[in-house]
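Here the structure comes first, spelled out in structure tokens, and everything after it is commentary.
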Amino acid sequence: MIGVKQLFKKHACYLSVFLLAAPLVATAEDVSVDLENPVQRVFTQLPTACPGLAAHLDIPAQSLLLAFYQQQGNQPIWSSALRLEALQAQLQQLADDGLEPADYRLPANALANDPLCADLSFSQHYLQALHDLHFGRLSQARFEPMWHAEPLPLDRQSQVLAIAGPGLLDIPAAFAQARPSLEQYQNLRELYAQQRQLALPHWQPLPGGPLLRPQMHDARVPELARRLFSEGYLSTLANEVDILYSDELVSAVKRFQLSHALQADGVVGAGTLNELNISPQMRREQLRINLERFRWLAQDMEPDSLLVNLAAAQLIVYQDGVPVWQTRTQVGRAERQTPLLKSRVTRLTLNPTWTVPPTIFREDKLPEIRRDLSFLNRQNLQVLDSEGHPLAVEDIDWDNPGNILLRQDAGPRNPLGQMAIRFPNPFSVYLHDTPSQSLFNKGPRAFSSGCVRVEHALQLRDLLVSPAERVRTDELLSTGLTHEFRLSTPVPILLTYWTAQADSHGQLSYAPDIYGRDAALLAALDSKL
């Protein structure tokens with residue numbers, strides 16, 4: 001008995017993990033630790049029994065591993081050579097998901113050296129792979145935080161166990177179940193699996209220079225042609241050297257621009273040059289980066305959703321899990337980034353007024369007002385106190401204006417256009433119509449101060465309301481007065497970020513990394529966490 005007490009004291013941490021995990025598979029009254037059972041015994045003395053394994057397990061991983069063995073009756077799991085071979089094969093195939101198989105490599109000759117510790121190690125790699133494949137290798141909250149109006153479910157352990165336990169009967173099926181079913185993920189994975197087998201192309205970056213416009217002559221044209229031909233944007237490559245920026249080459253550049261979320265004007269400026277000069281290695285890495293983002297996205301997607309990709313400035317409407325409509329948007333500039341979030345659209349503001357946000361007031365409007373008070377009249381801006389009462393412009397010390405508000409009435413010059421689409425969030429951002437329609441032809445479209453401007457906003461309204469509600473909102477819009485219209489059914493909305501995607505035909509498209517996030521995410525994926 002003394003030896004048992006010393007054992008319990010020495011390994012109290014691991015016993016605590018054992019007891020905490022037990023309710024996952026049994027009631028508290030049923031919990032007992034059978035030290036005659038080799039599996040239970042090794043868990044109580046993991047640091048000394050299996051030091052190589054214990055050194056790589058944090059408390060959640062220990063808890064998951066213990067719960068997995070409890071689920072399996074505290075018996076060794078990997079005694080079947082066929083099961084172990086199937087696991088090894090699936091771990092190798094993680095490369096197609098942009099994960100590094102070496103991070104999940106099973107220890108060589110471990111079964112001969114210590115069969116029980118080897119069994120635990122195989123299980124740990126199995127569970128970790130399923131977790132990373134389903135939820136992502138990295139923590140989104142750490143690297144690209146997303147605000148949620150409703151808390152996410154915290155019990156990832158039970159989700160992994162629900163896949164891992166039954167999956168022992170069919171290891172490939174377990175990995176298929178863990179893999180996100182999200183269309184964006186499946187399409188990009190298939191393309192990445194093909195591309196990673198191919199040799200990377202080699203080409204020289206295009207040098208900078210003046211804007212390259214149609215029919216200009218420029219020494220960079222031959223290299224530009226070779227560059228576009230190598231990626232399939234140009235169908236043929238002339239044998240003779242020609243420095244004319246021809247119509248055929250302009251059309252190829254436009255195709256490149258369209259597939260990279262750029263303004264398709266055929267002019268090679270700084271933005272197009274930057275995208276042309278992203279290396280083949282980085283382009284391939286972008287597929288890995290965005291596979292991780294899609295693993296995150298899969299946790300938030302609902303069948304009926306509004307999905308905004310900030311990098312591409314594009315909005316997609318999903319109904320019953322199928323994209324039914326999409327449009328262009330304008331998003332926050334790099335210095336005023338639109339936040340990542342998930343919320344629910346609850347109401348529409350029809351014929352909205354616009355109250356100038358504090359940052360825009362301080363950084364944009366106030367300098368203009370100080371230069372010329374008539375700016376307020378030209379912009380149709382009213383000055384109000386904190387309670388909404390009008391103030392005389394001449395009575396305000398504009399060097400120290402205090403707690404005042406600027407508001408613009410509804411109308412054709414109002415920056416929110418005919419409608420704002422509201423959803424709860426702490427950032428005061430929303431979707432809205434805009435009079436700045438010409439900017440939708442630009443690319444990248446990072447022009448706003450954080451809110452998302454929507455092209456064809458009234459068509460989006462039609463997808464959020466019933467036919468009867470559409471008639472009613474049309475009536476309210478026609479009055480020219482401001483009205484709040486609450487949706488009968490709130491609609492999930494996701495403001496997200498990805499820079500590469502593939503469609504169902506294997507066509508790859510990119511978006512400029514407008515917020516400069518790809519490099520940090522790649523470094524984290526390549527690190528040994």
Principal axis dimensions, largest first and in whole angstrom, of the stretch 356-408 by Cα: 26, 21, 21
Likely footprinting exposure, Ser230, Ser80, Ser123, fewest C-beta neighbours within 10 Å first: Ser80, Ser230, Ser123
Nearest 10 degrees, 0 to 90: helix 280-300 Cα axis against the chain principal axis: 80
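Using 0.36 nm per residue, how much length does the chain from Gln92 to Leu152 gain when fully extended, once their Cα-Cα distance is taken away? Could the numbers behind the result be given before it?
Working: separation 60, 0.36 × 60 = 21.60 nm, distance 3.07 nm.
Extending this stretch completely gives an extra 18.5 nm.
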Other-chain or far-sequence residues with amide H under 5 Å of Ala311's (modelled H): Trp498
Ranked Thr496, Thr489, Thr329, criterion: other C-beta atoms within 10 Å, fewest first: Thr489, Thr496, Thr329
Förster radius 56 Å - calculated FRET efficiency between Leu384 and Met282 (Cβ-Cβ, nearest 0.05): 0.65
Label-point gap, in nm, between Arg41 and Gln72 - each point 7 angstrom along Cα→Cβ: 1.9
Rounded to 10°, Cα long-axis angle of helix 156-167 versus longest principal axis of the chain: 60
Around Pro38: net Lys/Arg minus Asp/Glu count, Cβ-Cβ under 15 Å: -3
P(r) histogram, all alpha-carbon pairs of the stretch 192-345 included - 10 Å bins from 0, percent: 9, 31, 30, 22, 8, 1
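Using 0.36 nm per residue, how much length does the chain from His505 to Asp474 gain when fully extended, once their Cα-Cα distance is taken away? Please list the in-between numbers first.
Details: separation 31, 0.36 × 31 = 11.16 nm, distance 3.90 nm.
Here the answer is 7.3 nm.
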Ser79-Glu190 pseudo-label distance in nm [points 7 Å out on the Cα-to-Cβ vector]: 4.2
Rounded FRET efficiency, nearest 0.05, which uses the C-beta distance separating Phe375 from Asp462 and R0 of 35 Å: 0.40
Theoretical FRET efficiency, 1/(1+(r/R0)^6), r = Cβ-Cβ of Ile59 and Asn441, R0 51 Å, to 0.05: 0.45
Rg/Rg_ref, the chain, where Rg_ref = 2.2 N^0.38 Å and atoms are Cα: 1.22
Net charge of neighbours whose Cβ lies under 9 Å from the Cβ of Ala193, counting Lys and Arg as +1 and Asp and Glu as -1: -1
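In the neighborhood of Pro424, defined by Cβ-to-Cβ distances under 11 Å, what is the net charge if each Lys or Arg adds +1 and each Asp or Glu adds -1? Before the final figure, lay out the partial values.
Numbers: positive: Lys342, Arg344, Arg347, Arg422; negative: Glu150.
Overall, the nearby charge balance is +3.
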Pair Arg105, Ala162: separation of 7 Å Cα→Cβ label points (nm): 3.5
Note, ³J(HN,Hα) from phi for the stretch 269-275, Karplus 6.51, -1.76, 1.60, rounded to Hz, x at Gly and Pro: x, 4, x, 5, 4, 4, 5
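222 nm [θ] for the chain, helices only, -39500 (n - 2.57) per DSSP H run of 4+, per residue, to 500?
The per-residue figure over the chain is -11500 deg cm²/dmol.
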Least to most buried among Arg288, Arg142 (fewest other Cβ within 10 Å first): Arg142, Arg288
Kirkwood Rh, angstrom, the stretch 407-468 [1 / mean 1/r, Cα pairs]: 12.8
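Given Cα pairs under 8 Å that are at least 6 residues apart, what percent is the relative contact order of the chain?
On the way: 799 pairs, mean separation 82.3, N = 529.
Value for the chain: 16 percent.
Computed from the coordinates by the stated procedures, all read-outs in this text should not be read as laboratory data. Everything numeric in this text was worked out from a predicted model, so none of it was measured. Methodologically, a virtual Cβ is constructed for each residue, glycine included, from the backbone with ideal geometry; neighbour enumeration extends over all protein chains shown.
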